[in-house]
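Here's the structure, in structure tokens; my notes come after.
The values are calculated or read from the model by the stated rules, or taken from the named source; none is laboratory data. Quantities reported herein were computed from a predicted structural model and do not represent experimental measurements. A quick note on method: Cβ atoms are made from the backbone with ideal geometry, for glycine too, and the neighbour counts reach across all protein chains shown. With ligands, DNA and RNA removed, areas are computed over all heavy atoms of the protein, side chains included. Shrake-Rupley method; radii C 1.70, N 1.55, O 1.52, S 1.80 Å.
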Amino acid sequence: MKKHWALLLGAVSLTIALISISAAAVLAEGALHPLVTRRASDTAALAYSIAQTGNVTATEVRIRGEDGTTLTAWWLSPKQANGRAVMACHGVADSAYGAMGYALLFLRNGYLVLAPNGRGHGDSQGYATYGVLESRDTVRWLNWMKDSGVNSAFGFGESLGASVLIESLAQGANFRAVVAE
């Protein structure tokens with residue numbers, strides 16, 4: 001009888017261990033690849049809609065992260081740009097789509113707007129690292145903006161995007177100002 005209970009206890013322990021390992025794998029996958037419910041075509045449609053509404057041009061742009069990961073963003077340019085730009089950064093499990101909600105405010109005041117997709121978000125490749133690599137990506141985007149003729153760059157971020165902008169300052173990002181929501 002004792003042997004029967006020992007086998008039952010072993011089977012229950014093994015089952016609990018397997019369930020725990022499976023749950024950990026699912027949680028880790030969800031953390032590294034947040035579920036984004038919007039398609040890239042939705043983001044493109046919004047960018048072109050903003051372009052028509054605001055009399056601006058919308059262009060999808062790509063750069064490579066320092067590890068070779070392809071990163072994407074939307075670059076919105078007003079007809080009468082003032083040489084200043086805002087990098088609008090989205091939160092976790094969102095994409096450039098969410099950050100573009102602020103674009104018209106900036107565009108109407110002559111600012112160029114860059115709305116990047118964070119790693120593992122939107123069309124950008126890679127895994128979300130919650131600021132570890134994204135802060136360096138932000139510096140790369142900032143350099144891309146300066147190479148595109150931007151005189152002064154500002155950062156506007158919500159949630160994860162806000163923390164990434166703040167973390168990028170330690171990586172050498174030289175924004176004129178950062179708004180972290």
Based on what the data block shows, is PHE106 more than 19 Å from GLU66 (Cα to Cα), assigned to a helix (DSSP H, G or I) and modelled with pLDDT of 95 or more? yes
Just to be sure before I move on: is ALA73 surrounded by 20 or more Cβ atoms within 10 Å (Cβ to Cβ), touching a residue at least 60 places away in the same chain (Cβ under 8 Å) and assigned to a helix (DSSP H, G or I) in the structure I sent? no
Which listed residue is within 24 Å of TYR48 (Cα to Cα) and small (Gly, Ala, Ser), from GLY122, GLY131, GLY172, GLY126: GLY122
Looking at the range 154-178, which of the residues that are out of contact with any Gly (no Cβ under 7 Å at 6 or more places or on another chain) and in a strand (DSSP E or B) is surrounded by the fewest Cβ atoms within 10 Å (Cβ to Cβ)? ALA177
Answer yes if at least one residue in the range 57-79 is out of contact with any strand residue (DSSP E or B) (no Cβ under 7 Å at 6 or more places or on another chain), farther than 23 Å from GLU181 by Cβ, modelled with pLDDT under 90 and of a type in the set (Val, Ile, Thr), and no otherwise. no
How many residues are closer than 20 Å to THR59 by Cα and in contact (Cβ under 8 Å) with a residue 60 or more places away in the chain if we restrict to the range 121-151? 12
The residue from ASN143, ASN55, ASN109, ASN151 that alone is open to solvent by 60 Å² or more (accessible area, probe 1.4 Å), over 10 Å from the mean Cα position of the chain (by Cα) and on the phi > 0 side of the Ramachandran plot is ASN55
Name the residue, out of ASP42, ASP94, ASP67, that is touching a residue at least 12 places away in the same chain (Cβ under 8 Å), touching a helix residue (DSSP H, G or I) at 6+ places or on another chain (Cβ under 7 Å), over 24 Å from GLY149 (Cα atoms) and open to solvent by 10 Å² or more (accessible area, probe 1.4 Å). ASP42
Consider HIS121 against the criteria (1) more than 11 Å from the chain's Cα centre (by Cα); (2) more than 27 Å from ASN82 (Cβ to Cβ); (3) in a loop (DSSP other than H, G, I, E, B): it satisfies all of them except one. Which criterion is unmet? (1)
Would you say ALA93 is at pLDDT below 95, within 20 Å of SER163 (Cβ to Cβ) and in a loop (DSSP other than H, G, I, E, B)? yes
